[in-house]
Amino acid sequence: MTDTRIADIRVTPIAFSDPPLRNNAGCHQPYALRSIIEVETEGGIVGLGETHAGKELLDGMTDLAPRLIGMDVTDLNGLWAHARRALWPMPDPRVQLRVVAGIEVAMWDAYGKATDRRVCDLLGGQMRKTAPFSAYLFYKFAKHAGSDTADMWGEVATPEQLVNEAHTLVDQHGFRSFKVKAGVLPPDEEIAGLEALREAFPNAPLRLDPNGGWHLHTTLDLLPRLDGLVQYLEDPTHGIPAMATVQAATEIPLATSMCITSDADLPEGISRKAAQVILSDHHYWGGLQATRELARICAIWGVGLSMHSNSHLGISLAAMAHLAVSLPHLSYDCDTHYPWQTDEVIEGGKLRFDKGALTLPEGPGLGVTLDRDALKRLHQNYLDCGYTERDDASEMRKHRPDWQYAHPRF
Ligand code: GKR
Ligand code: MG
């Protein structure tokens, strides 16, 4: 076996095109940010990771990466020990976990490539052939503010437009379930959108995610209309106490990617029964190993598990898929923003879904390799666009100058 001690860690922030998708916090900017992590071993193997890319995260990478030189790529305990010393405390505790996650995935990938093993095999073996994903539907503007041309999706603001968007995603990727990003339009209009989807796709599971954008009283009032319509209701309202009140009032499973997002939230979230489904995200939870541990906790406590997503490219998708096929406990189709992205940073271009599921890319590790020309181009985008943080609220004000952030809004 080649020498798997870490010789170098490179972190490259990138910016890739993103459509004007709307959510409770505003609207997506023309570029979404990620960082690409390369962990190179003494033996010359390069492992890949992808994670968020705000300034604090990149500073954290700069602090942590040099401390890991000389460590073996299998030494995840060493990674956490160094991370605790280098990154704790940080102003935003969520960022530490996202730093660790990006490097941890690259360590798994490097180890897999060095030993000719797939990451899913290193994670315990393949439990299912493919990783199932659902179509992620968004209300959206036709074009970015200041742009002359509408994108291929056009505006999505009505039930009919939402159904058209769903048809396009199904035609392109074969999805069999749908998640609607809500908290954008008045709830009546969003429920009308769901009802139109139900009519167009009578057997497809539907989910709604207002991102905590509804008041507790609004949510309680709407429950009878959602009962029987949604497979689960994701983060209708904000915080563990309010979610627990809603869950106590309904048979509809509540899911969350907002009120239980790290170990610290688990005792209160589970004991207060704030949600029946936790939407894991290995970027949020500190990597693949931590998410496997979360899956076991969920199985023990009778909580369902699926996956949350943010705008991302193929390295993240491959990592999500390796994790998804190897988790003994995975209850629902996972989320992904991937179909909304046209850029790619891996060789061979976009990974392809078949019937809404992803077959693992072939090869050891994650099965993906870096397209260095694309990395260079997307890094140049990052330098040119001038963003250092995601800012949906400012972007929204370019479309609607009097728009104000409100959480909850309805
Ligand atoms: O990309 O607009 C978006 C989503 O709202 C994202 O930011 C959320 O993190 O997709 C996510 C979710 O499920 O809440
Ligand atoms: Mg969500």
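The values are calculated or read from the model by the stated rules, or taken from the named source; none is laboratory data. Remember, predicted model here, so these are calculated numbers, not experimental data. With ideal geometry, Cβ positions are generated from the backbone for all residues, glycine too; neighbour counts draw on all protein chains shown. Ligands, DNA and RNA are excluded from the accessible area calculation, which covers all protein heavy atoms including side chains. Shrake-Rupley method; radii C 1.70, N 1.55, O 1.52, S 1.80 Å.
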- Message: When you check Phe175 against the structure, is it within 29 Å of Met320 (Cα to Cα), at pLDDT 95 or above, more than 16 Å from ligand 2 (Cβ to nearest atom) and open to solvent by less than 20 Å² (accessible area, probe 1.4 Å), yes or no?
- Response: yes
The number of residues in the stretch 290-313 that are surrounded by fewer than 20 Cβ atoms within 10 Å (Cβ to Cβ), within 16 Å of ligand 2 (Cβ to nearest atom) and in a loop (DSSP other than H, G, I, E, B) is 1
Taking the stretch 265-287 and the residues there that are open to solvent by 30 Å² or more (accessible area, probe 1.4 Å) and within 16 Å of ligand 2 (Cβ to nearest atom), the one that is nearest to the chain's Cα centre (by Cα) would be Tyr284
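Please verify whether Val184 is buried (at least 22 other Cβ atoms within 10 Å of the Cβ) and among the β-branched types (Val, Ile, Thr), treating the condition exactly as stated. So that I can check it myself, show each step before the final result.
Details: buried (at least 22 other Cβ atoms within 10 Å of the Cβ): yes; among the β-branched types (Val, Ile, Thr): yes.
Yes: the conditions hold for Val184.
Yes/no per residue for (1) under 23 Å from Met307 (Cβ atoms); (2) away from ligand 1 (no atom under 16 Å from the Cβ):
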residue: His215; (1), (2): no, yes
residue: Thr218; (1), (2): no, yes
residue: Leu226; (1), (2): yes, yes
residue: Tyr232; (1), (2): yes, no
residue: Thr245; (1), (2): no, yes
Selection over the stretch 80-106 where residues are surrounded by fewer than 20 Cβ atoms within 10 Å (Cβ to Cβ) and polar (S, T, N, Q) yields a count of 0
Pairs returned, first residue in the stretch 231-252 that is within 22 Å of Arg198 (Cβ to Cβ), second residue that is assigned to a loop (DSSP other than H, G, I, E, B) and of a type in the set (A, V, I, L, M), beta-carbon separation under 6 angstrom, 6 or more apart or interchain, are Leu233/Ile252; Asp235/Met258
